[in-house]
Amino acid sequence: MAEPSPGLDWVRAAPEEATGPGPWIEIAFGDDDLVHLRETSDPGNVVTTTRRKWDAFVLGVRAGEFDHFVEGLEGTGPPTPSADRS
């Protein structure tokens with residue numbers, strides 16, 4: 001995909017009470033229904049997706065579809081490799 005347009009309005013996805021440099025994720029909604037994501041510690045590395053895919057991702061997060069990727073939540077976390085690989 002093409003580079004994001006200059007002058008995008010980047011919004012930091014951090015709790016209001018958050019302080020410090022992060023790193024945080026920032027999101028910008030661009031032209032042609034594109035959504036751009038970057039990390040504050042590496043703003044030149046931008047990931048771009050479509051608004052439709054972004055909306056599906058956000059709905060999936062809200063529905064808990066990605067909870068198994070979060071370590072430390074009871075009953076969640078990455079799958080543990082099985083000792084029995086038969």
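The values are calculated or read from the model by the stated rules, or taken from the named source; none is laboratory data. Predicted model only: the values in this text are computed from it and were never measured. So basically every Cβ, Gly included, is an ideal-geometry build from the backbone, and we count neighbours across all protein chains shown. Only protein heavy atoms, including side chains, enter the accessible area calculation; ligands, DNA and RNA are left aside. Shrake-Rupley method; radii C 1.70, N 1.55, O 1.52, S 1.80 Å.
Here are the numbers for this structure:
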{"quantity": "Candidate set: region 57-86, residues that are open to solvent by 50 Å² or more (accessible area, probe 1.4 Å) and under 12 Å from the mean Cα position of the chain (by Cα); chosen: the one modelled with the lowest pLDDT", "calculated": "Phe66"}
{"quantity": "Leading residue by the ranking (surrounded by the most Cβ atoms within 10 Å (Cβ to Cβ)) among those in region 1-30 that are part of a strand (DSSP E or B) and not charged (D, E, K, R)", "calculated": "Ala28"}
{"quantity": "Search result, residues across region 10-22 that are over 23 Å from Asp55 (Cα atoms) and either β-branched (Val, Ile, Thr) or in contact with a strand residue (DSSP E or B) (Cβ under 7 Å, 6 or more places away or on another chain) (or both)", "calculated": "Thr19"}
